[in-house]
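Colleague: Handing you a structure now.
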Amino acid sequence: MKTLLKLLLKTQHHQNHSGLAKTEKGMTLVELLVGAIMAFLIITPMLGFVVDMLNTDRREQVKSNTEQDLQAAVDFIAQDLSQAIYIYDNNAINVGTATTPAIKTQLPNNGNSNRIPILVFWKRQLMKKAIPIDPSTVKPKDCDNDKCNDTYVLSLVAYYQFKDVDTTWCQPSGGLCPSRIARYEIRDGIKNYLTQAYYADAETTAGQRKDIAFNPGFEFTQPTVNVTTGVKFPDPEVLVNYIDHSTANVPVPTGAQCKTLLGVIPPSAPATFNENDLLITDTSPNPTHSFYACVDTAKNIARVTIRGNSLRRLQANNAEFKTTSSAFFPTASVQVQGIGALGK
């Protein structure tokens, strides 16, 4: 009996000892180090691949955004130009002669080399339900669908390239700021069709009144004279940002290219012709040539080209134009012949 009890106790002790040994078994420090190294070797390349994919996706996204912005900008300009009555060429804007002075001095920002007029033209601006059918009983400010008719007024439109520093349009901050395209519109006001006199301010809304900068003395027979009053220009509206600010190794347009693109045939002698009069571009000491226009005033036609900079959306530095990265500097162009004309 005692022998049997000793055998049972010995067996139980052996089982308890074996279970304890199993629960206490684990990984050694060497095994942990080997596992960590293997994980590092596997995860690091995968992490680099994921980061590279994210960066590539981001660069492609800003490139797409820039292309869309440029296309929207040229579409807007094309719609604007479609109502053009008279488009100024480079000679009229920047050169001039002793008898026909350049109009640049009559435009906004005269003397500011960082704000360059590129496209300037006269257009017809539609004003809906602004002219009273019976001026004796209804004033323009009280117009509605039954009491007033639509009308057109003259507007001087000027598209500028702004190259000055403005933190609002310079993000991410630091480095050279991108340039941007801004639009001015100087508009005539509505007149009483019976008296051809302007309505009083009390009889009109702000949008129906003549801008102070508009010169009522302007005549198309002398398009470079009395273009504006030269004072109190309306505030500009920015059309698009992230226009390329690069100045080195950029494509440089020429008057000869404009001549070909517009299909201009030089007149026969003794008439004179200068192909450089067709090209309006950045004339500052450090030109970017990222926004320029080819204009044939005689045919009332203009071709506008814009070059964006998608890299500047991502980084403040190393965002200058290079031929090896030209895909990140998309270009958009549009050619329009104005159909608006007096008497039409």
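The values are calculated or read from the model by the stated rules, or taken from the named source; none is laboratory data. In this text the structure is predicted, and so the values were computed from the model without any measurement. When we count neighbours, we look across all protein chains shown, and the Cβ atoms used for this are built from the backbone with ideal geometry, even at glycine. For accessibility, only protein heavy atoms count, side chains too; no ligands or nucleic acids. Shrake-Rupley method; radii C 1.70, N 1.55, O 1.52, S 1.80 Å.
Colleague: What strands (runs of 3 or more DSSP E) lie completely within region 138-254 and have 2 or more residues being open to solvent by 30 Å² or more (accessible area, probe 1.4 Å) and at pLDDT 95 or above?
Modeller: Where strands (runs of 3 or more DSSP E) fall fully within region 138-254 and carry at least 2 residues being open to solvent by 30 Å² or more (accessible area, probe 1.4 Å) and at pLDDT 95 or above, they are 179-187, 237-243.
Colleague: Can you spot a residue in region 293-305 that is of a type in the set (Asp, Glu) and closer than 22 Å to residue 260 by Cβ?
Modeller: yes
Colleague: With within 17 Å of the chain's Cα centre (by Cα), of a type in the set (D, E, K, R) and part of a helix (DSSP H, G or I) as the only criterion, which of 57, 80 stands out?
Modeller: Only one candidate passes the filter, namely 80.
Colleague: Any residue at all in region 103-125 that's open to solvent by less than 50 Å² (accessible area, probe 1.4 Å) and more than 28 Å from residue 334 (Cα to Cα)?
Modeller: The answer is no, given that none of the residues of region 103-125 is open to solvent by less than 50 Å² (accessible area, probe 1.4 Å) and more than 28 Å from residue 334 (Cα to Cα).
Colleague: Where the second residue is open to solvent by less than 50 Å² (accessible area, probe 1.4 Å) and of a type in the set (S, T, N, Q) and the first is under 15 Å from residue 151 (Cβ atoms) and lies in region 192-211, which pairs have Cβ atoms under 7 Å and are six or more apart or on separate chains?
Modeller: 199/192
Colleague: Here's a follow-up. Taking region 255-278 only, how many residues are under 18 Å from residue 97 (Cβ atoms), buried (at least 19 other Cβ atoms within 10 Å of the Cβ) and of a type in the set (A, V, I, L, M, F, W, C)?
Modeller: Within region 255-278, residues that are under 18 Å from residue 97 (Cβ atoms), buried (at least 19 other Cβ atoms within 10 Å of the Cβ) and of a type in the set (A, V, I, L, M, F, W, C) number 1.
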